[in-house]
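One structure is given below, encoded as structure tokens.
The values are calculated or read from the model by the stated rules, or taken from the named source; none is laboratory data. Keep in mind that what you see is a predicted model, and the values were worked out from it rather than measured. Quick reminder, even Gly has a Cβ in these numbers, built from the backbone with ideal geometry, and neighbours come from all protein chains shown. Heads up: the accessible areas ignore ligands, DNA and RNA and are worked out on the full protein's heavy atoms, side chains in. Shrake-Rupley method; radii C 1.70, N 1.55, O 1.52, S 1.80 Å.
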Amino acid sequence: MADERWADENRPLVHLVGAGPGDPDLLTVKAMRLIQSADVVVYDRLVSDGILDLIPPGTTRISVGKAKGHHLLPQDEINDLLVSLARPGRRVVRLKGGDPYIFGRGGEESIYLARYGIATEVVPGITAAAGCAAATGIPLTHREVARSVRLVTGHLLEDRTLDLDWERLADPSCTLVVYMGVGTAGPMADGLMAAGLDPATPVAVVEKGTTAAQRVLRGTLAELEADVARWQVEPPALLIIGRVVALAAEQEVAEWCGAVEA
């Protein structure tokens, strides 16, 4: 099915497309259609190779990926790039890992484009919290264990501090999912424990979730900093903190026992 909004010549359009957590099979049908009909795809570092392989030959690819301490393009230059690409009426896909509006700066880009008369359409993607939890068997909510989920970023502020509402986050009945938290695992754990969260709270570190290279590493809040260093965790990685982490282990034991009995 063609996307008629490509043909609107009165106002340029950029599609902010969520690529999901890495597995190409988790792309939405609309995301796939837009990727394969685009003139140019501007993509982030966290978009997996398997998804990039779906871009047709001849389509212009522009990498604007960011790694810790190294940006191919600063955010303001990415914004200007999108404006320059869209103005001539090109079919532009801004491809982002996960969901564009969850720690993806999609909101910043859509506001900037609007200032220059360029429309945006957001195509949601499976955010890493949902994708990695599903891939590892960790239920983010469970009526007897966790009644809520909170998504936070472990990214440091410009003054190199981790400024979070520790009192609210240190809730044993809540699952805490930390994006970009590998480099600040120590301060994250210290802040939560200082606010009263049990040091024995289970933690899972999911590295390269949903992909063939996925690793799942389990420990406790008290040992998180040492574990991350010992495991040599590399981004992209997600921290899942809460009692629900233990439920995945219970499920694995139950499955193993069932297999043995069979």
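Restricting attention to region 56-66, does a residue exist that is polar (S, T, N, Q), within 21 Å of Tyr179 (Cβ to Cβ) and touching a Gly at 6+ places or on another chain (Cβ under 6 Å)? No, because not a single residue in region 56-66 is polar (S, T, N, Q), within 21 Å of Tyr179 (Cβ to Cβ) and touching a Gly at 6+ places or on another chain (Cβ under 6 Å). Residues that are surrounded by fewer than 20 Cβ atoms within 10 Å (Cβ to Cβ) and closer than 17 Å to Val29 by Cα within region 87-121 comprise just one, Glu121. The criterion of at least 2 residues that are under 15 Å from the mean Cα position of the chain (by Cα) is met by the following strands (runs of 3 or more DSSP E) wholly inside region 78-194: 92-96, 148-153, 174-179.
Inside region 136-164, residues that are open to solvent by 50 Å² or more (accessible area, probe 1.4 Å) and either under 22 Å from Val245 (Cα atoms) or of a type in the set (Gly, Ala, Ser) (or both) make up a count of 8. Among the candidates Pro124, Pro172, the residue that is under 22 Å from Pro199 (Cβ atoms) and open to solvent by 60 Å² or more (accessible area, probe 1.4 Å) is uniquely Pro172. Confirm whether Glu225 is open to solvent by 50 Å² or more (accessible area, probe 1.4 Å), out of contact with any Phe, Trp or Tyr (no Cβ under 8 Å at 6 or more places or on another chain) and part of a loop (DSSP other than H, G, I, E, B). Considered against the rule, which asks whether it is open to solvent by 50 Å² or more (accessible area, probe 1.4 Å), out of contact with any Phe, Trp or Tyr (no Cβ under 8 Å at 6 or more places or on another chain) and part of a loop (DSSP other than H, G, I, E, B), Glu225 comes out as no. Return the residue satisfying two criteria in turn: it lies in region 206-218 and is closer than 13 Å to Ala248 by Cβ and of a type in the set (Val, Ile, Thr), and of such residues it is surrounded by the fewest Cβ atoms within 10 Å (Cβ to Cβ). Filtering region 206-218 for residues that are closer than 13 Å to Ala248 by Cβ and of a type in the set (Val, Ile, Thr), the one surrounded by the fewest Cβ atoms within 10 Å (Cβ to Cβ) comes out as Val216.
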